[in-house]
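I have placed the structure first, in the form of structure tokens, so that the comments after it can refer back to it.
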Amino acid sequence: MFDFSPPLIDWMTIAPLIAVALTGLIALMVEVMMPKRTNGGIIGVSLVGLAVAGGLLINNLSMPNSETFSGMALRDHFGTLLQLLLVVTCGLSILFSEGYLREKRIPFGEFYPLLLWSTMGAMIMCMTRNLLMLFLGVEVLSISLYVLAGMSRSEERSEESAMKYFLLGAFASAFLLFGISFVYGATGTLQLASISEAWTSGGISSQALLLFGFGLIMVGLSFKSGFVPFHQWTPDVYQGAPTNVTAFMAVGSKVAAIAAVWRVFEGFQIMSDYWIPIMSWVAILTMSVGNLIALLQKDVKRILGYSSIAHAGYILVAILAHYKNPQAVGFNTVFYYLLSYALMTLGSFAVISLTAHSGREGTMLSDLNGMWKRAPFAAASLIVFMASLVGIPPTSGFVGKFLIFSDALQAGLTPLAMVLAVNSIISVYYYVGIAHATVVAEEKRPGKSGRPTFGLNSTCLLCTVGVFGAAIFYSPLMNFLQGR
Amino acid sequence: MQGVPLFAYIALALFMFTVGTVGVIIRRNPIVIFMCVELMLNAVNLTFLAFARYMPAMALQHNAAQRAQSQMAGQMMVIFVMAVAAAEVAVGLGIIMAIYRLRENIDIDELNLLKG
Amino acid sequence: MQGTYLGLLFLIVIAAIVCGAMVTLSWLLGPKKKTPYKEAPYECGVTPVGDARERFPIKFYLVAILFILFDIEVVFLWSWMTAFKKADTNFMVFSFFELLGYMATWVVGYVYALHVGAIDWDETTSLAPEKLGKKHNADEQKENVA
Amino acid sequence: MLPEQITPGLLVFAAMGGIAALAALGVILFPNAVRSALCLVLNFFVLAGLYFTLGAELLGITQIVVYTGAIMVLFLFVIMLLNLAAPQQLNEKGDIKKPLGVVMGLGMLALILAQLQVAIGKDFGPRSEANFGTPEVVGRTLFTLYAFPLEIVGILLVVGIVGSILLAKRKI
């Protein structure tokens, strides 16, 4: 009965994933084999590997949908695009990391393989409808990030954030798993696709199990994506972790968690009457709480932490709009917003990483003072990112918010659209505060700030170009997203 | 086992999971909190195995191959959860060691550097 | 199936009974004369110094952490070998290459652990000496020896 | 919900389940970390027995080898190393979190149990094959259908190795 035969493998589907994982292994071997004064070799290997993975993904975009490993890995437009976004995110984080790590006095070569592997975990979350793979993806992503958050060993803040992230992350994983176990009990499989059959033909017992399963899975995923009321860890961890790790955490893990939420909603679509009202309230709370608490903060990384909570709320509105009215609203808005969120958040953290100098780092608003003089290009791009986070045209942040707003109206989620608009206005205050801090002339500690490296400048340049480009070339981008 | 209802296993697992959750909320020592999380993971494993053994959704598996896969899926999940738990323990205790090296006290309420 | 483990169960039960009996009986039957001198912990006949609850360095805890990770790898290998014995060729070929891929990953991890000296008794080596501007590992070790 | 007759199997389950539940309570009620850890060891050991009663042999053995034999030993190591057993570390104050946590937990337990009792309360018959948990079958499945997750776990363990060295190495 149990003589299963080996599965058929479609190598192209998992080739990008293999490329990223192998790059990590090779980078670790480079660290072992060639002890050099710099991490140049490792960075080179990592960027080449990511470029290969990106090329494979672009190649995959034009190929038909497929499933391999008995449905554990799948190739579709949504997953491939998000994987591409993750690969780009990882590359951009690597670009500006080296200068920062050297200023922080933590130039460990192990950073790069761990970052690559956590990207791999995030990519797995985007490319699967299997709950086992979803769990493994979450864990590969999170365990790497726990380590990276605590990488600055001599700094208490870093260790404390690693501990908080770890304990809450493990707690959330347990909830996720418990939910998966109920879904398994109801359907007998780990495939999200089998839920609708179990809901319709499984009777009362399956329905009860599925409801609890969905609730527990959403508790777990809400922790990972930072939805209220499971958001408290976000600002703490963002503040304490090394800034380049925070940058990746804010973008990579959020993109992956949103992808997972999307897939889980897709699986549970048949019960959407139950969860759309609840998740709408979650979205309202997430947007409002994130923005309101951000007003009180004085630390830039905390402000951006709360801002990322608010943005998760905006994206949740876009997702709900799709599932409320799947015919009228597609996934383009979600992808577009994630793209613009990734560029502006990553860029902002890259600029903030400039406050590190010879082992110290201050991330209060006043530590940004004088940046206009020391690093004019970085400061200018930070102002662009802030404008985009507020949603001022002609940046991609504006287009993204507008898309979400119109989607929400189209799907009949008017209250959510209103809350979104109000929150956008509230958020102006603290984003302007950050932008203002960079142009204040007098410095708190003159000369105690790092110089922008070439890598950091290129990260800023690429993000700025992306933020404007995504807005200006909106219609070609949309055509590309729709696969035309 | 013969004569034991599925509900008994699930109830035990649920009890352990709840105890673990309560423990995470009320205890302050990070190591004990971590042990409570391990307790929760084991409750999950028990649930998976009970469902794999009793297969309450047998009616949804339409042929022998599906039934075979369905029985194994729960066990596979458990074995992967164990592997992941091992990696998590390695990293988690590493973090606890690292933080203890910096300060003598690791009371969770004393972790208060990160504030707004 | 469960019958095959009956012997194991009996073994556990008998071991528990024997251990329990030894402890309980000696506690019940033995003479009990309490003197302060007898109550004191035994430390090679010398008066004990300090508290028993003292922090003590465990040099090999990193070894213990790594042990867990390699332990779980072995669980996978064990199940593979039992399945491999009676399998068809198709499965043998597939799982062999799969296993090679799997082993390759943890060999990389093992080489790394060896390289940074994580399982040395005395962790004298540093993770990134060159990048921190320190001397090379080997030089440092020589200094420590000298 | 209640079975018609008391079978030997039910008695064995009741004994094991009772021990497991008490040990679980012990984990959170003992103020001393070492005692909590020992309770957890007992719990894991009994769980291994329960896995055997469910027919999952390989997992029962793995539970003992990995959890009881390795993970809990490491926990005890760390507790000893950090000297958390010392009484001055354990001034657990009573605060709002405690009653709140207990009430929340009991509420969750009661809610889900009541629902599940309706849902699966009448399920008595194990339906899976008798040999579904033998090492042979598990190995066969693991290396065919679950080949992809297996490779990912390989990477995850490397992450664990690199990460624990990066975090726990005494000298950096």
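Tally time: how many residues in the range A:246-283 are within 14 Å of A:VAL138 (Cα to Cα) and among the acidic types (Asp, Glu)?
Going residue by residue through the range A:246-283, those that are within 14 Å of A:VAL138 (Cα to Cα) are A:249, A:252-261, A:263-264.
Cutting the leftovers down to among the acidic types (Asp, Glu) gives us none.
Residues in the range A:246-283 being within 14 Å of A:VAL138 (Cα to Cα) and among the acidic types (Asp, Glu): 0 in total.
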A:GLY71 versus (1) among the small types (Gly, Ala, Ser); (2) in contact with a strand residue (DSSP E or B) (Cβ under 7 Å, 6 or more places away or on another chain); (3) farther than 30 Å from C:PHE84 by Cβ: which is the lone unmet condition? (3)
On the given criteria, is A:TYR314 in contact with a His (Cβ under 9 Å, 6 or more places away or on another chain) and either at pLDDT 95 or above or part of a helix (DSSP H, G or I) (or both)? no
Quick one: would you say B:ALA73 is of a type outside the set (Val, Ile, Thr), within 7 Å of chain D (Cβ to nearest Cβ), assigned to a helix (DSSP H, G or I) and in contact with a helix residue (DSSP H, G or I) (Cβ under 8 Å, 6 or more places away or on another chain)? no
Any hit, the range D:44-59, residues being within 9 Å of chain B (Cβ to nearest Cβ), more than 21 Å from B:TYR54 (Cα to Cα), part of a helix (DSSP H, G or I) and at pLDDT 90 or above: yes
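I'd like to verify a number: residues in the range A:118-138 that are at the interface with chain B (Cβ under 9 Å from one of its Cβ atoms) and out of contact with any Phe, Trp or Tyr (no Cβ under 9 Å at 6 or more places or on another chain), how many?
Adding up the residues that qualify gives 0.
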Kindly evaluate A:GLU98 against the criterion of being more than 8 Å from every other protein chain (Cβ to nearest Cβ), among the charged types (D, E, K, R) and in contact (Cβ under 8 Å) with a residue 60 or more places away in the chain. yes
Taking A:LEU285 as meeting all but one of (1) touching a Phe, Trp or Tyr at 6+ places or on another chain (Cβ under 7 Å); (2) surrounded by fewer than 24 Cβ atoms within 10 Å (Cβ to Cβ), write down the number of the exception. (1)
Restrict the check to the range D:146-163 and report whether at least one residue is outside any helix (DSSP H, G or I) and modelled with pLDDT of 80 or more. yes
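Can you give me the ranges of the helices (runs of 4 or more DSSP H) entirely in the range A:181-289 with at least 2 residues that are within 11 Å of chain B (Cβ to nearest Cβ)?
A:195-201, A:203-225, A:233-240
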Residues of the range D:111-145 being farther than 18 Å from A:PHE182 by Cα, within 22 Å of the chain's Cα centre (by Cα) and at pLDDT below 90, in sequence order, are D:PHE132, D:GLY133, D:THR134, D:PRO135
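What do you reckon, is B:GLY23 in contact (Cβ under 8 Å) with a residue 12 or more places away in the chain and at the interface with chain D (Cβ under 7 Å from one of its Cβ atoms)? It would help to see each step written out before you state the result.
Working: in contact (Cβ under 8 Å) with a residue 12 or more places away in the chain: yes; at the interface with chain D (Cβ under 7 Å from one of its Cβ atoms): yes.
For B:GLY23, the condition - in contact (Cβ under 8 Å) with a residue 12 or more places away in the chain and at the interface with chain D (Cβ under 7 Å from one of its Cβ atoms) - is met.
Looking for whichever is exposed (fewer than 10 other Cβ atoms within 10 Å of the Cβ) and either at pLDDT below 75 or not assigned by TED's automatic domain parsing to the domain that holds C:ILE119 (or both) here; the options are C:ALA16, C:ALA40, C:ALA21, C:ALA52. Which one fits?
Numbers: C:ALA16 fails: exposed (fewer than 10 other Cβ atoms within 10 Å of the Cβ); C:ALA40 fails: exposed (fewer than 10 other Cβ atoms within 10 Å of the Cβ); C:ALA21 fails: exposed (fewer than 10 other Cβ atoms within 10 Å of the Cβ).
Going through C:ALA16, C:ALA40, C:ALA21, C:ALA52 in turn, the sole match is C:ALA52.
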I need a count of the residues in the range B:35-68 that are crowded, with 21+ Cβ neighbours inside 10 Å, within 7 Å of chain A (Cβ to nearest Cβ) and part of a helix (DSSP H, G or I). 8
Residues satisfying the stated conditions in the range A:458-484, i.e. among the polar types (S, T, N, Q) and at pLDDT below 90: A:SER475, A:ASN479, A:GLN482
Residue hits (the range D:26-47; under 13 Å from the mean Cα position of the chain (by Cα) and under 14 Å from B:ALA43 (Cβ atoms)) are D:VAL27, D:LEU40, D:ASN43, D:PHE44, D:VAL46, D:LEU47
Of the conditions (1) within 19 Å of the chain's Cα centre (by Cα); (2) surrounded by 24 or more Cβ atoms within 10 Å (Cβ to Cβ), A:LEU84 clears all except one; give me its number. (2)
Subset tally (residues that are closer than 12 Å to B:CYS36 by Cα and in contact (Cβ under 8 Å) with a residue 40 or more places away in the chain) for the range D:13-63: 2
Any residue in the range A:22-50 that's free of Cβ contacts under 8 Å to residues at least 40 places away in the same chain: show its pairings with residues that are crowded, with 16+ Cβ neighbours inside 10 Å and hydroxyl-bearing (Ser, Thr, Tyr) at Cβ separation under 6 Å, as long as the two are six or more apart or on different chains. A:VAL32/C:TYR112
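Scanning the range A:143-163 for residues that are surrounded by fewer than 24 Cβ atoms within 10 Å (Cβ to Cβ) and more than 7 Å from every other protein chain (Cβ to nearest Cβ), which turns out nearest to the chain's Cα centre (by Cα)? Quick ask: steps written out before the conclusion?
Just the residues of the range A:143-163 that are surrounded by fewer than 24 Cβ atoms within 10 Å (Cβ to Cβ), to begin with: A:153-157.
If we keep only those that are more than 7 Å from every other protein chain (Cβ to nearest Cβ) as well, we get A:154-155.
Working: A:SER154: 27, A:GLU155: 25 Å.
Filtering the range A:143-163 for residues that are surrounded by fewer than 24 Cβ atoms within 10 Å (Cβ to Cβ) and more than 7 Å from every other protein chain (Cβ to nearest Cβ), the one nearest to the chain's Cα centre (by Cα) comes out as A:GLU155.
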If we keep only residues of the range B:1-20 that are among the aliphatic types (A, V, I, L, M), within 12 Å of the chain's Cα centre (by Cα) and crowded, with 23+ Cβ neighbours inside 10 Å, then the residue farthest from the other protein chains (Cβ to nearest Cβ) is B:ALA13
Residue pairs qualifying under the 7 Å Cβ cut-off, at least six apart or on distinct chains, with the first in the range A:150-171 being assigned to a helix (DSSP H, G or I) and the second being of a type in the set (Lys, Arg), are A:GLU156/B:ARG103
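The values are calculated or read from the model by the stated rules, or taken from the named source; none is laboratory data. All figures in this text were calculated on a predicted structure; none of them were measured in a lab. In this analysis, Cβ positions are derived from the backbone assuming ideal geometry, glycine residues included, and neighbour counts consider all displayed protein chains.
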